[in-house]
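What follows is one structure encoded as C-alpha cells, with my remarks underneath.
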Amino acid sequence: MPSSSMRHLDLEVGNATKDDDVLNHEDHLEQHSLDNESGPFDIAHTKNAPLETLRRWRQAALVLNASRRFRYTLDLKKEEEKEQRRRMIRAHAQVIRAALLFKLAGERQIVRCPIVADPNPSGDYEIGLEQLASMTRDHNFSALQQYGGAKGLSNMLKTNLESGIHGDEDDLIKRRNAFGANTYPRKKGRSFLRFLWEAWQDLTLIILIVAAVASLVLGIKTEGLEEGWYDGASIAFAVILVIVVTAVSDYRQSLQFQNLNEEKQNIQLEVMRGGRTLKISIFDIVVGDVVPLRIGDQVPADGIFITGHSLAIDESSMTGESKIVHKDHKAPFLMSGCKVADGIGTMLVTGVGINTEWGLLMASISEDTGEETPLQVRLNGVATFIGIVGLSVAISVLAVLLGRYFTGNTKNSNGETQFVKGHTKFSEAVDGVIKIITIAVTIVVVAVPEGLPLAVTLTLAYSMRQMMADKALVRRLSACETMGSATTICSDKTGTLTLNQMTVVEAYVGRKKMNPPDDSSQLHSEVNSLLCEGVAQNSTGNVFVPKDGGDVEVSGSPTEKAILSWAVKLGMEFDVIRSQSKVLQVFPFNSEKKRGGVAVQRTDSKVHIHWKGAAEILLASCTRYIDSNGVLQPIDEDKDFFKAAINDMAASSLRCVAIAYRSYELDKVPANEENLDKWVLPEDELVLLAIVGIKDPCRSGVEDAVRVCTQAGVKVRMVTGDNLHTAKAIALECGILGSHADATEPNIIEGRVFREYSEKERESVAQKITVMGRSSPSDKLLLVQALRKGGEVVAVTGDGTNDAPALHEADIGLSMGIQGTEVAKESSDIIILDDNFASVVKVVRWGRSVYANIQKFIQFQLTVNVAALVINVVAAVSSGDVPLNAVQVSLSSSCQEYCAYFADTCSSMS
C-alpha cells in the first residue's frame, strides 16, 4: 500500500497557503450575512456555522416539540461544555509554556543546570512512566539534557534512533505494560433506557398521555369498566408503541455515529521498526517508536524531536493559538494531536494515550456528530408553520364547540340537548368539556407533522450507511444532501482519476534516450554515481534490503517509489550512499515552486546540491547537462531538444520529473547551526542529470463515471499540478475533454494565467475552464471561489495539505482516504476511502436520492395530515364530533414511526 506519510512530495501536493482559522472566520462572516439577509428558516449554508447562528435560528420562532425536533441535531449546551474543557486544557498548556520560558531565562542568568531526580526504572527499561510523562508534559528541557537528550533517552527505552524498536510481539507487549497503550477511555454512549426516557418527554406524547388518562377515566365512568377502558387503553398502547420505536431508532442512529467516529479516529501512519517502514494504526503506537513526520501528518503521540529540517507544527488544536511553532533540538517537545504545517522530521515517542494532553482532552469530551443541515432547517420551518396553523385551528374549533355546547346547540345520540342551564349536572358538564378538549387535542395531533424531521434523519442516516458501503466516509451529515445539489466537481488527477501506481517508463540522460530506461550499462560510472546520490539523498522515501536476501522494499509517495525503484535497478545502494555523505540542509518539496532540494557534504568534503522537480521548471534553471559519457555540455543549444522530449512524454500522459545538481564551495556554506537552518539553497546554474517519464495509468471506470456526471448535469473539471500537456492527455483519456478541438484556452489553462486575471474576469473564465494545469494551492482556491460566486455548487477532491483551503471553501470537500493527509481530511466533509473518482459519482447519486426520498415522504405525510385536518375540522364544526379520534391518530403516528424504522432496517440489511 502506498505511503501515507510520504505523500506530500507528490507533485500535486504542498503547503497550505491560507490559515484554516482565517477561513473559518471568513465562513462565519458569510454565514452571519446570510442570516441577516433572510428569514430564520432560509439558511442556505450551514457548513461550519458558529453556535451563535444555530442558537439564533432555533429561537427565531415558536417551535412546537422542540425537544423532539432537535433531538437529532447538535446539542448546543454540550458543545459549549466541550469548548470550555478545551479552553481549560489549552490554558494548562499555556501555563506550562510560560513556566518553561521563565525557567530557561532563569537558567541563563544562573548559568547552571537544575538537578533532576534519577529516573525510576520501569520493568525492563531504565526510565519510568512518571518521569517520561512529567518531562514531556512540563516541557522539561533540563531533564531531557540530564537524560542525555534524544540519544540518551533512546538508550533508556532500548530504541535505535535510525531503525526504531524491534517491533516483535513480546517487545510491544512489554512496552504497553510499562508505558500504556495509545488509547484513551471512551465515554460510554447513552443506554437504551436513557433513550426510552428521552423519547416520552415529547409534547405530542404528553398530550396523548393526558388524553389517554382522561379518556380512560371518562370511559369507565360513562360506560363502565368492561367497555369503558377501550379508548384510553388503545391510546396508551399507541403511545407506548411510539416511544419504543422512537427509542430504538435513536439508539441505532447513536451506535452508527459511534462506529463512524471510530473509523475517523483510526488514522493510519508509518513508523520505523526493525529498520523498515511499516504502516500501522495510530492506536498501535508505543513508547519508543520512531515516527517520521511529513507535511499534513498528525503528531500521533507526545514525543521528542530527533532529526528534521524546517519542521513546523501547528499547535492550535492544543494551545488555541494559530501561530506555527518551529521544532528543533532547542525546542524538541512535540504534542499529540497537533498537525505538521511544514518541513520533515522524525520523533521519538515518549508518551501515549491517557498520559498525553490530547488523550486527556479526548477522554473528557465525547464527539457529537449532530448538526443542522439545510434541509432540516427548512423542514423544521415547515413543520413549525403547519403546527402553528393546526394549533390556531384547534383553538378556534375549541371555542366554537364550547360555544355550541354551552348555548344548547349540541345533542347526544338520543336527540336530547346535552347542556341545559340549571338542569345539567356539574359532573356531566365536565365530562362534556373533556370530550370537546379531546377533539381539539385530536386536531392538534393531526396537524403537527412530526414525521418530517424524523424522515430527514432516517434518510440521511441510511444514505451515510450506503455511502460507507460505497467507500465514502461522511464526516459532516449535511454533505449527504448538499452533494445531491452539486453542479461541478473539481477533481485532482493523481490517485483520483489515475491509479497512483507509478513506474518510470522513459528516461533521458543527456541527449540519449535509455532503452530500457533502467539499463545502467548505458551510463558512464560518474553519471550513474551522481544520479544514485541525488535520488537517495533527495528523497523522503526509504529502501529496505532484507538480510535474508528477499525482495527489496521501497516505501514513500508513489512518485518517490517510482524513482527509487528505477534507481535501485540502476544499482543504487541506498543505505551506503546515505552513510557516505552528510545532509547539510533540506528544502522540502514546495507546490508553488514544484521542486525540492538537498545539500550534502561528501566524505571528500565536496558539497553537492541536488534538485528534483517538474521537468520544464527545473530545466529553466539548468545551464549545463552531463551526457551519457560523463562529459559536461552547455545546454543552450540543446534546450529545444529537451523541451521537445518533455512535450513528447507529456503528450503520452507521462509525468515528467527532472533530476539536477550543482557543486558548491564548502567555505560558502554557513558554519554555525543557526545560519545553516536559514540558508536558502541556490537554484541557479544547475547541471541536468536526467529527465524521467513516469506512467500513471487511468483508473478503469473513470471514463464511464465522467460520462454519467456529464449526463446528470454535473461538470467535471481537472485541477492538477502536472504539466499542461500531461493534464490534457489524461483529460482526453478520461473523457473530461471531448476532443482535441476542446483543448484550447480558456477550456484548458495554466494556473499562472488564471491567477493573473482580475476578479471579475476570473468569474467569467472559471465557468469555461475544464482543465487547469500547473496549478498552485492558491490557484485551486481562486477557482473554487470564482465558481461559487458564479452560482455553482462546488465539490472539490484533494489529498494534500495544499488542498485544505479549497476543501474548506468548497460546498462539499472530498479528501482521499489512502493518499490524503490528516490536514486534508480534517478540512473535508467526506473521505473517499478508495481514492476512486467513481466513488465520488456514487456520492452524488446518494445525495440526489436524499431529496427524492424526502419529496416522496413529504407528499405522503402532508397529504395525510392536511386531509385528516380538514375532515376533522369540518366534522367538528358541523356535527360536534370528529370521525378520526385520538386513538386512530396516535395509531397512525406510531405506524408512520414503524414504517420509517422498518424501512430503515430493511434498507440497511439489503
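When residues in the stretch 691-708 are screened for being in contact with a Gly (Cβ under 7 Å, 6 or more places away or on another chain) and open to solvent by 30 Å² or more (accessible area, probe 1.4 Å), 2 of them pass.
Counting only residues that are acidic (Asp, Glu) and without any contact (Cβ under 8 Å) to a residue 12 or more places away in the chain, which one in the stretch 740-758 is nearest to residue 724 (Cα to Cα)?
Taking the stretch 740-758 first, the residues acidic (Asp, Glu) are 742, 745, 750, 756.
When the remaining residues are screened for being without any contact (Cβ under 8 Å) to a residue 12 or more places away in the chain, the result is 745, 756.
On the way: 745: 11, 756: 17 Å.
By that ranking, first place goes to 745.
Selection of the stretch 644-678 for residues being closer than 22 Å to residue 604 by Cα and open to solvent by less than 50 Å² (accessible area, probe 1.4 Å) yields 660, 661, 662, 664, 669, 670, 676.
Identification of helices (runs of 4 or more DSSP H) wholly contained in the stretch 789-879 with 3 or more residues that are aliphatic (A, V, I, L, M) yields 804-809, 837-879. Hey, any hits in the stretch 711-718 for a residue that's modelled with pLDDT under 95, surrounded by fewer than 15 Cβ atoms within 10 Å (Cβ to Cβ), out of contact with any Phe, Trp or Tyr (no Cβ under 6 Å at 6 or more places or on another chain) and more than 19 Å from residue 769 (Cα to Cα)? No, the stretch 711-718 contains no residue that is modelled with pLDDT under 95, surrounded by fewer than 15 Cβ atoms within 10 Å (Cβ to Cβ), out of contact with any Phe, Trp or Tyr (no Cβ under 6 Å at 6 or more places or on another chain) and more than 19 Å from residue 769 (Cα to Cα).
State the number of residues belonging to the stretch 826-861 that are within 21 Å of the chain's Cα centre (by Cα) and either farther than 13 Å from residue 798 by Cβ or surrounded by fewer than 18 Cβ atoms within 10 Å (Cβ to Cβ) (or both).
Going residue by residue through the stretch 826-861, those that are within 21 Å of the chain's Cα centre (by Cα) are 826-847.
Still in the running and either farther than 13 Å from residue 798 by Cβ or surrounded by fewer than 18 Cβ atoms within 10 Å (Cβ to Cβ) (or both): 833-834, 836, 838-839, 841-847.
The total comes to 12.
Yes or no, residue by residue, for (1) touching a helix residue (DSSP H, G or I) at 6+ places or on another chain (Cβ under 8 Å); (2) open to solvent by 40 Å² or more (accessible area, probe 1.4 Å); (3) modelled with pLDDT of 90 or more; (4) closer than 12 Å to residue 287 by Cβ:
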position	(1), (2), (3), (4)
117	yes, yes, no, no
126	yes, yes, no, no
133	yes, no, no, yes
138	yes, yes, no, no
141	yes, yes, no, no
154	no, no, yes, yes
159	no, no, yes, yes
167	no, no, no, no
179	yes, no, yes, yes
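Of the residues that make up the stretch 693-707, is at least one touching a Cys at 6+ places or on another chain (Cβ under 9 Å) and closer than 30 Å to residue 627 by Cβ? Yes, the stretch 693-707 has at least one match.
Taking residue 228 and the conditions (1) open to solvent by 50 Å² or more (accessible area, probe 1.4 Å); (2) free of Cβ contacts under 8 Å to residues at least 60 places away in the same chain; (3) closer than 19 Å to residue 434 by Cβ, which numbered condition does it fall short on, given that it satisfies the others? Unmet for residue 228, out of (1) open to solvent by 50 Å² or more (accessible area, probe 1.4 Å); (2) free of Cβ contacts under 8 Å to residues at least 60 places away in the same chain; (3) closer than 19 Å to residue 434 by Cβ: (1). Regarding residue 397, is this residue modelled with pLDDT of 70 or more and out of contact with any Gly (no Cβ under 8 Å at 6 or more places or on another chain)? Taking the combined requirement at face value, the residue satisfies it. Here residue 524 clears all of (1) farther than 18 Å from residue 660 by Cα; (2) in contact (Cβ under 8 Å) with a residue 24 or more places away in the chain except the condition numbered (1).
This table checks each residue for (1) touching a Leu at 6+ places or on another chain (Cβ under 7 Å); (2) charged (D, E, K, R); (3) over 18 Å from residue 489 (Cβ atoms).
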residue	(1), (2), (3)
683	no, yes, yes
700	no, no, yes
713	no, no, no
716	no, no, no
726	yes, no, yes
733	no, yes, no
736	no, no, no
741	no, no, yes
747	no, no, no
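All conditions in (1) open to solvent by 20 Å² or more (accessible area, probe 1.4 Å); (2) among the hydroxyl-bearing types (Ser, Thr, Tyr); (3) assigned to a helix (DSSP H, G or I) hold for residue 277, with the sole exception of (3).
Could you say whether any residue in the stretch 255-263 is among the aromatic types (Phe, Trp, Tyr), in contact (Cβ under 8 Å) with a residue 40 or more places away in the chain and in contact with a Ser or Thr (Cβ under 6 Å, 6 or more places away or on another chain)? Lay out the reasoning, then the answer.
The initial filter retains those residues of the stretch 255-263 that are among the aromatic types (Phe, Trp, Tyr), namely 257.
Then drop every residue that is not in contact (Cβ under 8 Å) with a residue 40 or more places away in the chain, which leaves 257.
Okay, now just the ones that are also in contact with a Ser or Thr (Cβ under 6 Å, 6 or more places away or on another chain), so 257.
For the stretch 255-263, residues among the aromatic types (Phe, Trp, Tyr), in contact (Cβ under 8 Å) with a residue 40 or more places away in the chain and in contact with a Ser or Thr (Cβ under 6 Å, 6 or more places away or on another chain): present.
One residue is enough: does the stretch 288-300 have a residue meeting the conditions open to solvent by 20 Å² or more (accessible area, probe 1.4 Å), more than 25 Å from the chain's Cα centre (by Cα) and not hydrophobic (A, V, I, L, M, F, W, C)? No - not one qualifying residue is present in the stretch 288-300.
Residue by residue, here is whether (1) at pLDDT below 90; (2) more than 20 Å from residue 669 (Cβ to Cβ); (3) hydroxyl-bearing (Ser, Thr, Tyr) holds:
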residue: 557; (1), (2), (3): yes, yes, yes
residue: 580; (1), (2), (3): yes, no, no
residue: 626; (1), (2), (3): no, yes, no
residue: 636; (1), (2), (3): no, yes, no
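Filtering the stretch 303-338 to residues that are within 18 Å of residue 289 (Cα to Cα), part of a strand (DSSP E or B) and either modelled with pLDDT of 90 or more or among the charged types (D, E, K, R) (or both) leaves 303, 304, 305, 306, 307, 333, 334. For the stretch 481-509, filtering for residues that are farther than 21 Å from residue 696 by Cβ, open to solvent by less than 10 Å² (accessible area, probe 1.4 Å) and at pLDDT 90 or above leaves 3. Considering only residues that are among the charged types (D, E, K, R) and touching a Leu at 6+ places or on another chain (Cβ under 6 Å), which ones fall in the stretch 288-342? Listed by number, the list holds a single entry, 327.
Going by what's in this entry, would residue 188 be described as open to solvent by 80 Å² or more (accessible area, probe 1.4 Å) and touching an Asp or Glu at 6+ places or on another chain (Cβ under 8 Å)? Steps first, answer last, please.
Details: open to solvent by 80 Å² or more (accessible area, probe 1.4 Å): yes; touching an Asp or Glu at 6+ places or on another chain (Cβ under 8 Å): no.
No; evaluated as a whole, the condition is false for this residue.
Checking each residue in the stretch 400-423 for being at pLDDT 80 or above, among the hydroxyl-bearing types (Ser, Thr, Tyr) and surrounded by 13 or more Cβ atoms within 10 Å (Cβ to Cβ) picks out only 405.
Of all strands (runs of 3 or more DSSP E) completely enclosed by the stretch 577-688, which ones contain at least 1 residues that are of a type in the set (Val, Ile, Thr)?
Values: elements: 581-590, 595-602, 607-614, 622-626, 632-634, 654-664.
Strands (runs of 3 or more DSSP E) meeting the threshold: 581-590, 595-602, 607-614, 622-626, 654-664.
Kindly indicate whether residue 449 is in a helix (DSSP H, G or I), open to solvent by less than 40 Å² (accessible area, probe 1.4 Å) and modelled with pLDDT under 80.
On the way: in a helix (DSSP H, G or I): no; open to solvent by less than 40 Å² (accessible area, probe 1.4 Å): yes; modelled with pLDDT under 80: yes.
No: the conditions fail for residue 449.
Of the residues making up the stretch 525-556, those that are part of a loop (DSSP other than H, G, I, E, B), touching a Gly at 6+ places or on another chain (Cβ under 7 Å) and either open to solvent by 40 Å² or more (accessible area, probe 1.4 Å) or more than 24 Å from residue 628 (Cβ to Cβ) (or both) are 540, 541, 556.
Residue-wise test of (1) within 24 Å of the chain's Cα centre (by Cα); (2) small (Gly, Ala, Ser); (3) farther than 27 Å from residue 541 by Cβ.
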{"site": "318", "(1), (2), (3)": "yes, no, yes"}
{"site": "323", "(1), (2), (3)": "yes, no, yes"}
{"site": "337", "(1), (2), (3)": "yes, yes, no"}
{"site": "341", "(1), (2), (3)": "yes, yes, no"}
{"site": "346", "(1), (2), (3)": "no, no, no"}
{"site": "351", "(1), (2), (3)": "no, yes, yes"}
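Looking at the stretch 557-579, which of the residues that are without any contact (Cβ under 8 Å) to a residue 40 or more places away in the chain and buried (at least 19 other Cβ atoms within 10 Å of the Cβ) is nearest to the chain's Cα centre (by Cα)?
From the stretch 557-579, those without any contact (Cβ under 8 Å) to a residue 40 or more places away in the chain are 564, 567-568, 574-576, 579; that's our starting set.
Those left that are additionally buried (at least 19 other Cβ atoms within 10 Å of the Cβ): 564, 567-568, 574.
On the way: 564: 31, 567: 36, 568: 36, 574: 36 Å.
Here the answer is 564.
The values are calculated or read from the model by the stated rules, or taken from the named source; none is laboratory data. Keep in mind that this is a model prediction, so the values were computed, not measured. Positions of Cβ are backbone-derived with ideal geometry, glycine not excepted, and every protein chain shown enters the neighbour counts. These area figures cover heavy atoms from the full protein model, side chains too; ligands, DNA and RNA do not enter into them. Shrake-Rupley method; radii C 1.70, N 1.55, O 1.52, S 1.80 Å.
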